[in-house]
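The values are calculated or read from the model by the stated rules, or taken from the named source; none is laboratory data. Bear in mind that the values here come from a model prediction, so they are computed numbers and not experimental data. FYI the Cβ positions are ideal-geometry reconstructions off the backbone, even for glycines, and counts take in every protein chain you see. Heavy atoms of the whole protein, side chains included, go into the accessibility calculation; ligands, DNA and RNA do not. Shrake-Rupley method; radii C 1.70, N 1.55, O 1.52, S 1.80 Å.
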Amino acid sequence: MPVVELRHDRLGELLGGGHGEDEIAATLPYLGLDIEGRTGGGIRVEYSPNRPDYSTDYGIAAGLRGLLGIKEGAEPLRVRGPAGKEQAVRARSSVSAVRPFVTAVAASAPGGAVGAGALEQFISMQEDLHAGIGRGRRAAAVGIHDMEALRFPLEYAAAPGGRAHRFVPLDSGGAEVTAGSIIDGGTKTGAAYGRIIRGARAVPLITDAAGLTVSLPPIINAARTAVAPGRTKEVLVEVTGTRRRAVEDALSVAAATLNEAGFALRRVKVSGAGNRTPPLGPRTMRLDAKTAGKVLGLDMTARRAAACLRRSRLDARARGGRIVECAVPRHRFDVRGPMDLVEEVAIGYGVGSIEPAVPPCRGPGRRSPGAAAMRAVRLAMVGLGYTEALSPTLSSARVLYGNAGRDPAAAIPVADPQSGEHTVLRDSLLPGMLDALSRNVHEPYPQRLFEAGPAFARGPGNRVREGARLCAVSSHARTSYTEIKAALAAAAAALPGGAALKTVAQEHPVFEKGRSAAVLLGGAEAGSAGEVGGEARKRFRIREPVAAFEVELPINI
Amino acid sequence: MQPVLHDIERRIISSLRARDGQDEGQIGKAAGLSPDQVRRGIQWLKLKGLARVEEEPSAAVSLGPNGAAAGEHGLPERQLLGMVGRGRVSMDGLAAKLGPAFGPAIGAARRGGWIAVGEGKGGGRAVSPARAPGAGGIPGEALIRFLGKARGPIPLGTIVADARLAADLGALEKRPGYVVRKAARSARVFLDSKAAAAAAAPAAGAIDVEADAPPAYPARTHPLTDTIEEVREAFAALGFDEISGTAVQPCFWNFDALFTPQDHPAREMQDTFYLGGGARAPGSRMASAGHVAAVGKEHERGWGPGWKKGMARRAVLRTHTTCVTVRHLAENDVEDGARLFSLGRVYRNEKASYKHLAEFNQVEGVVAGGGATLRGLMGIQKEFYEMVGMGEVKFWPTYFPYTEPSLQTMVYNKKAGKWVELFGMGILRPEVTRPLGIRGTVLAWGGGIERMAMAKHGVGDVRRFYANDVKWLRGPRCR
C-alpha cells in the first residue's frame, strides 16, 4: 500500500492549530489510514489504493477535519471558465491508436507562487496516481507544467517527425535528444516507461501554439515547462492515457488536491478525437438510512445518516425520514453504490464508537470431514512416535526431482516465481521429508518425522488433481523396512474405514532395490514404502539409514 | 540416606583416607585411575558434598634451554673435568673447546676445588685436576636428571620436599637458562567427614537416582498445526461449518467473481502464481455459463469494456480463501443465516522474509444473510479472539477490494507493546454477490493464521514454521 509522510508542522497548520500530535495520531486510523511509523517531525501512514485523494497531506487534513469536527460536508470545488477562448487542448486522431485520451485543468497558486512544500506534495500525489489508477502510467499519466512556459492552444497529436522528433526533456541534463532515443530507454524515465509506447506507430506528443514540445506522454515532460517553486504562478495539469475513466479519475484527484491546497481552478477546454472537457462536478446518490442501519446494526434515521456522511466530508441531507440525498464529489469515484455510502456512514459515525454486539448463538458448527480425518491420521502418527513436520507445497525441482532422482516429466511449474525455492507444486511429500532430514544431521537420532498434507498431480486433460498424502520417515542406525511397514500398518488402521493394507515388491527411484514396495490401500495402489537407497541419501547428504513410506489418503481435503 | 557412590568415587575416598590433601596426580597414582577418571570422580564427590578442593597459588619448575643441553651433554664443569682428565691441559685449548661456557665452567670447578691452575709448558696458563667431586656429584646434576625424566613441569612443592633437589634448585637458579619457574595452581583434595560413612554404605542394588538420564523427545503435532486446529475449533464453536475447496482455481473465482479488474496490479505475475506447463484448474468447467456471463457484464459495467473470458480461465494458486467461500455460496443452495468457513493454504508470488511467506494458511468465515450486521460480526470476532486467548481488540476501517464496508481487527500484542493487525472483515460488495445470484448481506471475516501463530508461539521469523528444524520441533513449547 502506498505511503505518505505527514509532517506535524504542516498538518497542524492545515488543521488550524488546536489539535495535538497524539490526538491526530489516534484519529488517523479511523479514516482507514494505517500508521506505519513515527518519525522525528511526523508520521508515516499507509493509505488504501481506493483513496488516492489521501496521497497528500491536503487530502488527509480534509478527512481529519471531518472526524475532528472542524469542518463538515464536502469542500466546495469552484472551477472558473477558461482565461480565454484559446485556453484549450485539441487532440488529433493520430494518437487514437496509441494513447487516445487527454484531459487538463489549470490552477493558480495562492499567495502568488507555488510553494516548495506544496510542490513536494503534488509530486508525491502524481507518483501515487501513476502507480495506482494509472496502472504504471499505461492507463493514465499526469504532467504538471508552468503555464507561463506555454502558449495556448495546445495540441495532442502524433509527432510529425515521429521517432526523430527532437526536444530537451526534463531528465537529459539539458541536452536535446530524439523521442526515439527516449522511447528506447536512452534516459532514465525512458528506460522505465518507454516500453508503454515502444511498439506503437505514432509518437504521442503535446505541443503548444508556438510548436514547442510540452510533453512526450507517458514518459517525460519538456524541461522548459518545469514548475519552479517560488516562481511559478499558475500550473497546468494534463493527463493522458488509454482509458477515459482512468484519465478523468486521475485529473479529478489532482483538481481536488489543488483545491484543498487553496489553488484557484480554471477550466481548460478539451476536444477532438473523442475527447471532452472534463466534468468535475458531483453526482447525486440516494441512500436508504434504514438499509444502512440494518447493515451496520445501528439505529439510523435519515438525519443521523446525513450527519455521519457530512463528517465523512460528503454533502448530504435528509429527504424525509428514510432517504438521504448525497452529493458525491467527482474525486470520490470509489463510491460506486449505496454500500459505499454505508461505509462512509460507519466512518462518519466513528468505527471506534460502534459497540460490538454478539448475535444470538446458533448451534455449534463442524469441521469438514476431511479436516477431521486428517486430524485422526496426525494423532495416530504422533502416537507412533513420529513428530509432525510441515513443508511448503510449492517446492523446487532440485528437491523434488534432482535430489530424489524422480522423473520430472509431469511436474507442475508456476510461471515467473520470485524465488528459486518455490517453482514447482509438489507431487510427493517424500523429497521434502528427506530434505528435512538432510538439514538435521546434527540432531540426535533416531529422528522420526511425518507430514500429512496436500499434493498435486496432473490428471486427465491436464487438469490438476489435488489429494491428501501422508509421508513418514524414520532415520537411525537400525531402522528397517519392517519398522516403517509396522508404522504404515498402524496408520492405515487409523484411516476412515480402516483401509486394508498390502505391500508388493516394486522398484522406486528413492528406495533400495529389493527393499522397496508398492503400497495398496483397500486394493488400490496408493504409494510406496522402503529403505532409502545409498544414492538418494548421498544426494540429500544423509549419513544415517532411512526407512520411509508415502501414501495417498482416501481423504478429501 | 547415604548417597550412592560410583567405583571411581570409592577408590578416590580410600586413597584420600590414607593421605588427605593429595593432588590429582597423586590420587591417580595411588588409586590407579586415569587423570580423566580422577577429575570426574572429584567433580561428583564435590557435588555430593563429600570432598572439597583447595586451590592455592604455586609454581611449576621445568628445564630451560641450558638445562636441557646440560641434560644431554652434562654441565659445562662436568665437560671441563672430562677434558682435563688426568693430565694438564692448556687454558686456551679449553676455552676454544667450551666456547662461552668456558668462564662459568672454570669458575665452578675452581670453587669446588676440583682443578688447579698453573703455568703451562709453552708459557700460557694450564689446568690440572685436583680432587674429584663428592659422591653427590656436582650441584645441580640431580635436579637436571629429575626434570629431564619428568614429562612436564614439576610442582615446586615436590622439589622443595626433597633436600637434595631443593639445594640443586638454589644452585641452578643462580645460572641463567637452566630452570624455568611458571606460575600454577595446586589443587589439593580433602575429604569431608561424611565421606567415610558414605563409602562404608553397602552399594548392592542401589543406583544413582540423582544422575541425569539420556534425553527423550516426545513426538507431537506441529505448533502451526496446533494453532490451525485451535482456529478450527473456535470457528466451529461459534457455529461455523467448514467447507473445502481446491488450492488451484481458475482466475474467475479467485479474481473475476470478486470484481477484481482484469488489469488490477494484484493479478500481475509478480504478485500471483499462475500455473505453467499447460496445467488447468480442477473441475470439468470454470463456472456455469450464467455466472460467467453475469460476472463479465458486471465487469464491463464497472470497469469498462474488454472483459476477457480467456483471462478468467487461467489457472492460479488461490491468493485467498475467499474464492472458496464465494464459490460455495454461488454454487450451492445455502440456508439463510448460514455460517460457513474455509481454511487452507494460499499463495503470493513474493520472496519470503521474516514476516512474509510465499505460501501461508488463511481462514475465512462468512455469515450469509439472516439479519447479519457489521456490529454483530464485530461481536463474533471479539468472541473468537477471546477463545484463542488474544484478549484486547479494536476495529479500524480499512480497504479490501471485494468488501464494503471493510474493517480490520487490531489486537494488542503485549510483548511488542503495540497494536498488531490481525483479521479483516467486511460485507461482500453487491458487484460480487449480485451477478452470482447470492441473496442477502454476506459478511466475511478472516486472515492469515501464521501471524497469529507467531504471537502465540513467540516466533519472530515466520519462516521458522516451515524450516523443519528438528531441535525446535521437539523442543519445549512456548505455551
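Values for this structure:
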item: Charge sum, other residues only, whose C-beta stays under 9 Å from A:Gly527's C-beta, Lys/Arg counted +1 and Asp/Glu -1; result: -2
item: Backbone N within region A:523-546 under 11 Å of label point (7 Å from A:Ala500 Cα along the Cβ vector); result: A:523-524
item: Degrees separating the helix B:223-237 axis from the principal Cα axis of chain B, which is the longest one; result: 30 degrees
item: Exercise: per-residue mean of other protein chain Cβ atoms within 10 Å, A:432-440; result: 2
item: Shape of region A:369-553, Cα gyration tensor, a/c cut at 1.5; result: rounded
item: Dimensionless Rg/Rh of chain A - Kirkwood Rh, Rg from C-alpha atoms; result: 1.14
item: Cα-Cα P(r), region A:378-464, percent of pairs per 10 Å interval; result: 16, 43, 30, 10, 1
item: 222 nm mean residue ellipticity, helices alone, for chain B (DSSP H n ≥ 4; -39,500 (n - 2.57); rounded to 500); result: -11000 deg cm²/dmol
item: Inter-centroid distance (Cα atoms) of region A:6-62 relative to region B:318-366, Å; result: 33 Å
item: Shielding by partners, peptide A:418-425 (average Cβ within 10 angstrom, other chains); result: 5
item: Gyration tensor (alpha-carbon) shape descriptor, region B:223-473, a/c threshold 1.5; result: oblate
item: Listed residue (A:Leu298, A:Ala316, A:Gly352) projecting farthest to the positive dipole end of region A:283-352, Cβ model; result: A:Ala316
item: Mean projected area in nm² (Cα convex hull; one quarter of hull surface) for region A:200-273; result: 6.3 nm²
item: Estimated translational D of the protein assembly as shown in µm²/s (Stokes, Kirkwood radius over Cα pairs; 20 °C; 1.002 mPa s); result: 59 µm²/s
item: Farthest positive-ward along chain B dipole, Cα basis, beta-carbon charges - from B:Thr272, B:Phe395, B:Val326; result: B:Thr272
item: Cβ-based net charge around B:Ile427, under 10 Å, with every Lys or Arg adding one and every Asp or Glu removing one; result: -1
item: Inter-probe distance in nm under a simple model that places probes 7 Å from Cα toward Cβ, at B:Lys418 and A:Thr301; result: 4.4 nm
item: Relative frequency of Cα-Cα separations exceeding 41 Å in chain B, percent; result: 57 percent
item: Those trypsin sites (Lys or Arg not before Pro) in region B:276-364 that DSSP places in a loop and that have at most 13 other beta carbons within 10 Å; result: B:Arg285, B:Lys308, B:Lys351, B:Lys355
item: Average other protein chain Cβ within 10 Å of Cβ, residues B:361-370; result: 1
item: Sites A:Asn462 and B:His6 - FRET efficiency at Förster radius 60 Å, r taken between beta-carbons, to 0.05; result: 0.30
item: At most 13 other Cβ within 10 Å, DSSP loop - trypsin sites (Lys or Arg not before Pro), region B:1-72; result: B:Arg19
item: Prolate/oblate/rounded label for region B:277-389 (Cα gyration tensor, a/c 1.5); result: oblate
item: FRET efficiency, 1/(1 + (r/R0)^6) with R0 25 Å, evaluated for B:Asp333 and A:Cys361 via beta carbons; result: 0.55
item: Neighbourhood charge, 10 Å Cβ-Cβ cut-off, centred on B:Gly21 and excluding it, Lys, Arg +1 and Asp, Glu -1; result: -1
item: Where the Cα pairs of region A:79-271 fall when distances are cut into 10 Å bins, in %; result: 10, 40, 39, 11, 0
item: Computed label-point distance, nm, for sites B:Ser14 and A:Arg231 using a 7 Å Cα→Cβ extension; result: 10.5 nm
item: Protein accessible area in the protein assembly as shown, 1.4 Å probe - carbon and sulfur %; result: 51 percent
item: Rounded to the nearest 20 debye, dipole of the protein assembly as shown from Cβ charges on Lys, Arg, Asp, Glu; result: 1520 debye
item: B versus A: buried accessible surface, summed, Å² (probe 1.4 Å, to nearest 100); result: 7200 Å²
item: From the C-alpha gyration tensor of region A:363-405, square roots of 5λ in Å; result: 30, 16, 7
item: Alpha-carbon centroids, region A:73-139 and region A:462-476: separation in whole Å; result: 57 Å
item: Virtual spin-label span in nm between B:Ala132 and A:Ala191, 7 Å along Cα→Cβ; result: 9.8 nm
item: Cα centroid separation, region B:146-208 to region A:383-421 (Å); result: 63 Å
item: Helix B:102-112 vs. chain B, principal-axis angle (Cα, 0 to 90°, nearest 10); result: 60 degrees
item: Segment B:Lys194-B:Glu268, length gained on full extension (0.36 nm per residue, minus Cα span); result: 18.7 nm
